[in-house]
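Notes to accompany the following structure.
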Ligand SMILES: [Zn+2]
């Protein structure tokens, strides 16, 4: 385990749907294990986005449909999903899990959702925010802008962040400014990533998290494949087994140039180690 460099940090993770947490879960696990506090917020319970079972059942002729799935209420599904979400967060040492009751598909940034986030910022007073990407880019940007719960969540938390640092007249609320904001790399192309966190030691938990979201139709085979491809691909670019990439919201001001130990080690070790590290064949230190 790497040495801890900062004071204890408070992390706030704000995502559109429960499963979105997984994209930075390994990083949260590392920080939780080092004594940092992590609060995870899902703006919605995600039941409108991930109702795959209902979708598939409705494709069948009426006589073949499973009445249990067809008659399941949104509230019933929401309970299952919340349970899955809490179990997933617990895998990474995260117990402060908050599901807000805004509807998804579509979730819209509203004054209420912004205010709810502002109050959470005052409550948690985070140093670090990890949230949905606010940048619309690429060929699909217009389609995304037409409506996307993830983008709307990004816009809501950005507005809440600004308001949390801006006192209202007549209010006694102590303002709060978040020191650093990061966006998970899964929403970006590899050449846009600012840095990677090596989560090789958390790979199994990432697989388990996928399996736990079984209400979304995830199987064990799917879970392994997804993590091998996603976090393995990030690991490939990072020169390690498994990684989570991040994009900074703003450039950081450093007291001096900081070269990570991992880069110094990589520069001086046998080239064969680079391949062995990606393959998971090096002793972990
Ligand atoms: Zn999502």
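The residue that is nearest to the chain's Cα centre (by Cα), counting only those in region 123-141 that are at pLDDT 90 or above and away from the ligand (no atom under 16 Å from the Cβ), is 129. Could you tell me whether region 84-104 includes any residue that is surrounded by fewer than 16 Cβ atoms within 10 Å (Cβ to Cβ) and modelled with pLDDT under 95? For region 84-104, residues surrounded by fewer than 16 Cβ atoms within 10 Å (Cβ to Cβ) and modelled with pLDDT under 95: present.
I'd like to check something: does region 1-11 contain any residue that is outside any strand (DSSP E or B) and buried (at least 17 other Cβ atoms within 10 Å of the Cβ)? Within region 1-11, one or more residues are outside any strand (DSSP E or B) and buried (at least 17 other Cβ atoms within 10 Å of the Cβ). Mind listing whichever residues of region 31-64 are part of a helix (DSSP H, G or I) and surrounded by 12 or more Cβ atoms within 10 Å (Cβ to Cβ)? The answer is 31, 32, 33, 52, 53, 54, 56, 57, 58. Sort out which residues of region 266-285 are surrounded by 13 or more Cβ atoms within 10 Å (Cβ to Cβ) and under 16 Å from residue 237 (Cα atoms), and write them in order of number. Those that are surrounded by 13 or more Cβ atoms within 10 Å (Cβ to Cβ) and under 16 Å from residue 237 (Cα atoms): 266, 273, 274, 276, 277, 278, 280. Of all residues in region 142-164, one or more are within 16 Å of the ligand (Cβ to nearest atom) and not in a helix (DSSP H, G or I). Of all residues in region 199-235, exactly one satisfies the criterion of being touching a strand residue (DSSP E or B) at 6+ places or on another chain (Cβ under 6 Å) and within 19 Å of residue 94 (Cβ to Cβ), namely 199.
Being within 27 Å of residue 133 (Cα to Cα), more than 16 Å from the ligand (Cβ to nearest atom) and in contact (Cβ under 8 Å) with a residue 60 or more places away in the chain holds for only one residue in 44, 27, and it is 27.
Restricted to region 215-226, and to residues there that are under 17 Å from residue 87 (Cβ atoms) and surrounded by 15 or more Cβ atoms within 10 Å (Cβ to Cβ), the residue that is modelled with the highest pLDDT is 223. When every residue of region 232-240 is checked against the conditions, none turns out to be touching a residue at least 60 places away in the same chain (Cβ under 8 Å), within 22 Å of residue 211 (Cα to Cα) and assigned to a helix (DSSP H, G or I). As a summary of the residue check, residue 167 satisfies the conditions (1) over 18 Å from residue 46 (Cα atoms); (2) at pLDDT 95 or above except for the one numbered (2).
The values are calculated or read from the model by the stated rules, or taken from the named source; none is laboratory data. Just so it is clear, the model here is predicted, and its values are computed rather than measured. Positions of Cβ are backbone-derived with ideal geometry, glycine not excepted, and every protein chain shown enters the neighbour counts.
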